[in-house]
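Student: Before I ask anything, here is the structure I am working with.
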Amino acid sequence: IRTLTSGPKHHFFGYYGICPWNKSGRYLVCLESCFQDRMPYAGEAAAIGLVDSKTGEFSKVADTRAWNLQQGAMLHWHPYYPEDRIIYNDQHDGDIFSVILDVKSGEKRVLPRAVSAVSHKSKWALSLTYGRLGRLREVVGYAGAKDPNPDNPAPDNDGVFLMDLDSGQSKLVVPIAQVFERLVKKHPLLQGNHMWFNHTVFNRNDTRFLFLARAYLPPGQRMHTAMFTAN
């Protein structure tokens, strides 16, 4: 075990369950920021870079304005190009999207939705609405992101989206309203409380995924969680 990065700036990757290393293990992708003791402000950027496993040198490849200290910018290596292309979330005027970047050539392609999970061997990504996460669970949201349903406890037009990494096309596959309807029958205290989804993860062979449905419930407004899987 050895220390790979060094100060004075802070380096961190993002989230467990995601591998920060490219296929060969030569480079680690991570974020670099000048602070680690507060939430990012709207429009505040973090640098995205590669750390050379032999030298520890950090080489900046991009900036992102869609990041937090717990999950980073949901950095992934592309499943089809695990040696030299990364996927990350970014933001412009409150709109959240994802970017596929070739770290060697600098070529970029923008996808219309953010990624919250990327499949292991196929072309699919899962997507959540980070404006809703930012409103209801700030530590995993992005400052400045917009929630399209701020007054709706369980919208039928939001939830887990499935996005094609090749075309950028996406569809809503699990609406919040559908899950809310199932849960409120067993847990009447849920009625009227705002629900959000988080922590999407593909299984090993990309045939199913899991996600968490969460809400703050009385007494004391503690956070309650239910786990679901879907094909």
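The values are calculated or read from the model by the stated rules, or taken from the named source; none is laboratory data. Computed from a predicted model, the values in this text were never measured in an experiment. Cβ sites come from the backbone with ideal geometry, for glycine too, and all protein chains shown count toward neighbours. Surface areas here come from the heavy atoms of the whole protein model, side chains and all, with no ligands, DNA or RNA. Shrake-Rupley method; radii C 1.70, N 1.55, O 1.52, S 1.80 Å.
Student: Sum up the charges of everything whose Cβ sits under 9 Å from the Cβ of residue 124, counting Lys and Arg as +1 and Asp and Glu as -1, but leave residue 124 out.
Tutor: So the environment of residue 124 carries a net charge of -1.
Student: Right, here's the next one. Remind me, relative contact order of the range 5-129 in percent, using alpha carbon pairs under 8 angstrom and six or more residues apart?
Tutor: Value for the range 5-129: 18 percent.
Student: Continuing with the same structure: Which net charge results when you count Lys and Arg as +1 and Asp and Glu as -1 among the other residues whose beta-carbon is under 15 Å from that of residue 46?
Tutor: -1
Student: Go ahead and estimate [θ] at 222 nm for the chain from helices alone: -39,500 (n - 2.57) per DSSP H run with n ≥ 4, summed, over the residue count, rounded to 500.
Tutor: Using -39500 (n - 2.57) per qualifying helix, the result is -2000 deg cm²/dmol.
Student: Considering only protein heavy atoms, what per residue accessible area in square angstrom results for the range 136-205 with a 1.4 angstrom probe?
Tutor: Spelled out: the 1.4 Å probe surface of the range 136-205, per residue, equals 53 Å².
Student: Here's another thing I want to ask about it. In terms of solvent-accessible area of protein heavy atoms at a 1.4 angstrom probe, what is the ranking of 162, 190, highest value first?
Tutor: Ranked list, largest accessible area first: 162, 190.
Student: Whose amide H sits under 5 Å from the amide H of residue 78, counting only residues 5 or more places off or on another chain, with H placed in the peptide plane?
Tutor: 85, 86, 87
Student: Net charge within 12 Å of residue 137 by Cβ-Cβ distance, Lys/Arg positive one each and Asp/Glu negative one each, not counting residue 137 itself?
Tutor: Its environment carries a net charge of +1.
Student: Measure off, as a whole percent, the carbon and sulfur share of the 1.4 Å-probe accessible area of the range 22-76, all protein chains present.
Tutor: 46 percent
Student: Please give the helix 176-186 orientation as an angle from the longest Cα principal axis of the chain, in degrees from 0 to 90, rounded to the nearest 10.
Tutor: That works out to roughly 50 degrees.
Student: Would you kindly state how much longer the chain becomes between residue 122 and residue 4 on full extension, computed as 0.36 nm times their sequence separation minus their alpha carbon distance, in nm to one decimal?
Tutor: So the chain would gain 39.4 nm between residue 122 and residue 4.
Student: Mean 1/r over all different Cα pairs, inverted: what Kirkwood radius does the chain give, in Å?
Tutor: 18.3 Å
Student: Can you give me the relative contact order of the range 143-231 as a percent, contacts being Cα pairs under 8 Å and 6 or more apart?
Tutor: 19 percent
Student: So what is the relative contact order for the chain, in percent, with contacts set as C-alpha pairs under 8 Å and at least six apart?
Tutor: This gives 12 percent for the chain.
Student: Past the 27 Å Cα-Cα mark, which pairs from 23/171; 9/146; 23/54; 123/185?
Tutor: 23/171; 9/146; 123/185
Student: Continuing with the same structure: Nearest 5 is fine: what % of DSSP beta bridges in the range 26-93 come out antiparallel, could you say?
Tutor: In the range 26-93, approximately 100 percent of DSSP beta bridges are antiparallel ones.
Student: Counting other C-beta atoms within 10 Å, and keeping those with at most 16, which DSSP coil chymotrypsin sites (Phe, Trp or Tyr not before Pro) do you find in the range 38-129?
Tutor: 41, 80
Student: Starting from 0.36 nm per residue, how many nanometres of slack lie between residue 37 and residue 83 once their C-alpha separation is accounted for?
Tutor: Stretched fully, the residue 37-residue 83 segment lengthens by 13.3 nm.
Student: Full-extension gain between residue 225 and residue 63, please, as 0.36 nm times their residue separation minus the C-alpha to C-alpha distance.
Tutor: Here the answer is 55.0 nm.
Student: For residue 21 and residue 110, what is the calculated FRET efficiency with R₀ set at 25 Å and r taken between the beta-carbons, to the nearest 0.05?
Tutor: 0.50
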